[in-house]
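Asker: A single structure is presented below for examination.
Since every read-out is calculated from the coordinates, none of them should be taken as a lab result. Computed from a prediction, not measured in an experiment: that's the story for all the values here. So basically every Cβ, Gly included, is an ideal-geometry build from the backbone, and we count neighbours across all protein chains shown.
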Amino acid sequence: MSFVATFNRLPLPDWVRRAREAEDGAVRASLARPTLSLEDFAHLLSPAAAGHLEAMAARAQRLTRQRFGNVIRLFAPLYLSNECINNCRYCGFSRDNPILRVSLTVDEVLREARALQEQGFRNLLLVAGEHPRFVSNGYLRDCVAALHAEVPSLSLEVGPLETADYAPLVTAGAEGLVVYQETYDRDLYADLHTAGPKRNFDWRLETPERAYAAGFRRLGIGALYGLADWRTEALCVAAHAAYLLRHCWKATLTLSLPRLRPCAGEFQPLTHMADRDLVQLVCAFRLLFPDVGLVLSTREPARLRDGLIPLGITLMSAGSHTEPGGYTGAGQSHVHRTERGRIVELGASEWAPAQRPRPRPPSSSTSLITGRRPKWPGGFAPSVTSRSGKTGMRPSRHERIRPHRERPVRARRAALHPRGLPPRPRVSATHRRGGAQRGKPSRRPEFKARQLQPGDRLEIVQVVAGG
Ligand code: SF4
């Protein structure tokens, strides 16, 4: 019996009630137990448990130190392709987004991996959108096989496959598979995933089991916090993890905690998860699953990351560029648009690197391993502009448009991003850098969506998270 059947029978309403309404006594009783049940976990997510955060943190820290020592593993995502046949409302790779697309060749993937190795990375996560034509099983196998000789640890975060299609990837050298369910709320899932095979909730939910059957021995799951209520999502993730620990016992398991955060011009979270909630969740997961790895995103503010690491985090991405070719500028010679699965070459007005070289912006991220900035050779800064009248492309409902003007570096880089750029470290005017941080109001001009006019040029200023 797959997890789908188990999932359909979960006593979720009872757990959610406990997670929202548990009283102090129930929290204390759960904390007193040496091993926790899922009901105890629900109590530890409750508002009442927030009053016991210190005790939870102390126990979580002890367990983490005991099971994982002082080690935290760093990994780097290596984006192979931003082609995708799905429409996910929160993701800039969505097929209807008129962004520039590129799939790296195997040689380019090797170049990117070597650049990461130079920075000290030994664990790479190969990431790609879901597109059977551009990101075929053969292509993935060739990438893994080429990297296997040089990279000690390879994991994949790609479109879900059948067991038989996963097997050659394992044979080629891939060890881990990461697949987020995004949200465990079926209705919301259907609303957010408007087209493509990803609409099949159950198929995605069974992916870790198919991967395990194919031989993957590291499985990663998670929800995207900020879509449905975080407590409900956490309960479902916990139930899923408990199932996998029982049925896929030869594999190690990691839980990811990606969080959508408010950011100007990007997909806005549908629900709020405060920093304190995230701390509570990390502690509760550690208490429930002492041996399961917890993964934190570099998108989180540095201070929060530093505080969370001792409490339970065991794996973290670092120095990440979330666009194909982001580490070396690879792929610039074959950037294109994709319409209905066909490659559309760019016109000179859209992309002409020979005539209009644009220097690569310097990276703001520094390697956590070497303390050095990654090398960014010049040249790869594709435009995200399109002519609405000529292509007939419309911005998706979660994009904003504004008349064309000089594009900021951030928007140009956003063109190749799978989940949008990492949020800027601000959620309100008081967090803004520069003038706003010094107490002055931001001068950033506000803009509003308006009806498109003939000849308008579109600029994507929103492309956001996903997986
Ligand atoms: S979240 Fe994944 S499947 Fe959805 S559009 Fe983005 S890359 Fe494609």
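Asker: Determine the gain in length on full extension of the stretch Leu346-Ala55; use 0.36 nm per residue of separation and subtract their C-alpha separation, reporting nm with one decimal.
Answerer: So the extension gain works out to 98.9 nm.
Asker: Under 5 Å between amide hydrogens, which residues at least 5 positions from Leu78 or on another chain qualify, with H placed 1.01 Å from N in the peptide plane?
Answerer: Distant-sequence amide H within range of Leu78: Leu125, Leu126, Val127.
Asker: Which of the peptides 63-71, 220-228 is most tightly packed, and how do the rest follow, going by the mean number of other Cβ atoms within 10 Å of each residue?
Answerer: In descending order of packing, they fall as 220-228, 63-71.
Asker: Still on this structure, I have one more. If you take the Cα Rg of segment 29-136 and divide it by 2.2 N^0.38 Å, with N the number of residues, what do you get? Write out the running numbers ahead of the final one.
Answerer: Numbers: Rg = 21.5 Å, N = 108, 2.2 N^0.38 = 13.0 Å.
My calculation over the Cα atoms of segment 29-136 gives 1.65.
Asker: Enumerate the calculated ³J(HN,Hα) couplings along segment 203-212 in order (Karplus 6.51 cos²θ - 1.76 cosθ + 1.60, θ = phi - 60°), each rounded to whole Hz, writing x wherever the residue is Gly or Pro.
Answerer: 4, 5, 5, 8, 4, x, 5, 5, 5, 5
Asker: Output the peptides 11-19, 311-319 sorted from most to least packed, where packing is the average of other Cβ atoms within 10 Å over each peptide's residues.
Answerer: 311-319, 11-19
Asker: If you take the charge dipole of segment 276-343 about its Cα centre, with +1 on Lys and Arg Cβ and -1 on Asp and Glu Cβ, which of Leu287, Gly326, Ala302 is farthest toward its positive end?
Answerer: After comparing all options, I get Gly326.
Asker: Another one. If you take the Cα Rg of segment 138-255 and divide it by 2.2 N^0.38 Å, with N the number of residues, what do you get?
Answerer: Taking the Cα Rg and dividing by 2.2 N^0.38 Å, one obtains 1.09.
Asker: Given H placed on each backbone N at 1.01 Å, which residues far from Arg95 in sequence or on other chains put an amide H within less than 5 Å of it?
Answerer: Asn86, Asn87, Cys88
Asker: Please list, in chain and number order, the residues 5+ apart from Leu294 or on another chain whose amide H is under 5 Å from its amide H, with Hs placed from the backbone.
Answerer: Those lying under 5 Å, H to H, from Leu294 are Leu255, Thr314, Leu315.
Asker: Roughly how many whole Å is it from the C-alpha centroid of segment 143-197 to that of segment 201-272?
Answerer: 13 Å
Asker: When ranked by the protection proxy of mean other Cβ atoms within 10 Å per residue, highest first, what sequence do the peptides 122-129, 78-85 form? Display every interim value, and only then the final one.
Answerer: Details: 122-129: 22.2, 78-85: 27.1.
Highest mean packing first, the order is 78-85, 122-129.
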